């Protein structure tokens, strides 16, 4: 029987590793790894940088006969949005990422192209920013700006210029085609009582309605011509019942497998190519990349707009994609739309943390379709995941164990068969463990005849000693010695020490010592305390007496309040709601759990 030794988490330490295009420096990172199946590999990266923490999720997809990439969209009608997890379920994909920009109001539609074989779901858009299209052609993946010229030709040789297919836009004096991918019915008088609609079936005009009921749109061999304003008279003069018409496109989708619109052509031949000024700044990001050999594709979701993840600029994203092996890449719709999800136990789970706090309805995405056997429920090996790689004595945390079949597809396990043990003194409660002593721990997990998955754990000192040395080298943490690195991580942190680190970490220029209003602050700390006071971060413990409480141990509530005020929360509101806001913003995530006497490693 198979025996597996699986590492829970990979930890990488990189001091001042600045990339080529972005301005972000990685200090430290942690990586968790998992499988969707044998050909789809999931990584979660927690990267600690000089700009803040960044959370990144990646799906690495092997491009072979077992995995196929295709667009996913609402086949009941592109005008109606659906969340990514539902698009994955409806389509039968095993994973997916959100796609193109779209009109957020009803009726919705993609900004760029969307087509599958010879089925045009949405026409290209090369206006404004020349939105590129990611194209699958044979075994290759191309990125190109497709022409959006579409004409309707009559049997008399007359031409009507078509603005778009399945996009309404501002819809002022435009002529638009709605085909079966729009939905069951056209728009009719309910959207615009000045509307002219013309039904085309099997290449001939069948009916013309002005300010009438919506048409039932033919699914395959027909469409509806829609217009308003000055174009109505022109079209009624040119078209009559029985007129033969034909649509002509200035782009050929017949020799392409599929295409999906994107925001910008981010990476070309391994180098930053184009950014889009409409989506500048540090934001949640979605991207798709392919390596140079075209045998691996990457779906990338970068969380943002929270204290738990500050996001990436487009330049940061380009650097990261190069780092993981990307050669050609496109930027997709980001912000609150950024979503990455995969199948697990016959349902779909969202892998990242969308900035809205929930999935946002979208109109398109890219899905991964795999041919591996999902009906095989036999557990061939197990993999475990802990809440943290580092622990504190008497801290309880859970051990999540996943079983996998021979194609590395997650399958449910019988928890009663699971046995957990450790070489350190500890209490095992079902799938949870409480260590009663510090040290290196080896946790053994036995499931039936599968011998174990061994997980090397360390106490808090291993992690925080490394991180404190990095902060010391960056000038953000002084330790307890003026001559050498001596962090004393188990010691208490007082209020003036905490204030120096808060102000330094935020990168604020310090005030002069004379600006300090308090009488109990040490000379070395006066510039930092003065800066915090003048910026509204602290009021002192007895402001009427000019007492800061400099040598008092800093409490959890005080520390959270300092950071919450720095984030812009009103002074009293931050203090009164520190615990709740600390959890909401993610600030509390790495605190030890102490409330009245925080240790130096907490900061």
Residue 232 vs. criteria within 42 Å of the chain's Cα centre (by Cα) and surrounded by 14 or more Cβ atoms within 10 Å (Cβ to Cβ): no
Options 528, 533, 569; residue that is within 35 Å of the chain's Cα centre (by Cα) and either outside the structural domain of residue 495 (by TED's automatic domain parsing) or touching a residue at least 12 places away in the same chain (Cβ under 8 Å) (or both): 569
Answer from 53, 60 - the residue that is at pLDDT below 95, surrounded by fewer than 21 Cβ atoms within 10 Å (Cβ to Cβ), outside any loop (DSSP other than H, G, I, E, B) and assigned by TED's automatic domain parsing to the domain that holds residue 297: 53
Count - residues of the stretch 215-234 that are in contact with a strand residue (DSSP E or B) (Cβ under 6 Å, 6 or more places away or on another chain) and in a helix (DSSP H, G or I): 2
Lone qualifier among 79, 75 - being assigned to a loop (DSSP other than H, G, I, E, B) and farther than 23 Å from residue 198 by Cβ: 75
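Each row is one residue, and each column tells you yes or no for (1) at pLDDT 80 or above; (2) buried (at least 20 other Cβ atoms within 10 Å of the Cβ).
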| position | (1), (2) |
| --- | --- |
| 526 | yes, yes |
| 530 | yes, yes |
| 534 | yes, no |
| 541 | yes, no |
| 544 | yes, no |
| 548 | yes, yes |
| 561 | no, yes |
| 567 | no, no |
Candidate set from the stretch 179-194 (those that are out of contact with any strand residue (DSSP E or B) (no Cβ under 8 Å at 6 or more places or on another chain) and not in a loop (DSSP other than H, G, I, E, B)); member that is surrounded by the fewest Cβ atoms within 10 Å (Cβ to Cβ): 190
Qualifying positions in the stretch 195-214 - buried (at least 16 other Cβ atoms within 10 Å of the Cβ) and assigned to a loop (DSSP other than H, G, I, E, B): 195, 214
Strands (runs of 3 or more DSSP E) within the stretch 8-49 that include 3 or more residues at pLDDT below 90: 9-18, 25-37
Test: residue in the stretch 156-178 that is more than 19 Å from residue 123 (Cα to Cα), modelled with pLDDT under 95 and surrounded by 13 or more Cβ atoms within 10 Å (Cβ to Cβ): yes
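Quick check on residue 476: is it modelled with pLDDT under 65, in a loop (DSSP other than H, G, I, E, B), closer than 30 Å to residue 551 by Cα and touching a strand residue (DSSP E or B) at 6+ places or on another chain (Cβ under 8 Å)? Steps first, please.
Values: modelled with pLDDT under 65: yes; in a loop (DSSP other than H, G, I, E, B): yes; closer than 30 Å to residue 551 by Cα: yes; touching a strand residue (DSSP E or B) at 6+ places or on another chain (Cβ under 8 Å): no.
Against the criterion (modelled with pLDDT under 65, in a loop (DSSP other than H, G, I, E, B), closer than 30 Å to residue 551 by Cα and touching a strand residue (DSSP E or B) at 6+ places or on another chain (Cβ under 8 Å)), residue 476 does not qualify.
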Single match in 273, 298 (criterion: closer than 25 Å to residue 137 by Cα and in contact (Cβ under 8 Å) with a residue 60 or more places away in the chain): 298
Residue within the stretch 389-404 that is modelled with pLDDT of 75 or more, under 24 Å from residue 36 (Cβ atoms), touching a helix residue (DSSP H, G or I) at 6+ places or on another chain (Cβ under 9 Å) and surrounded by fewer than 19 Cβ atoms within 10 Å (Cβ to Cβ) present: yes
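The values are calculated or read from the model by the stated rules, or taken from the named source; none is laboratory data. Treat the numbers as computed from the prediction; the structure is a model and nothing was measured. Glycine gets a Cβ as well: all are built from the backbone with ideal geometry, and neighbour counts include every protein chain shown.
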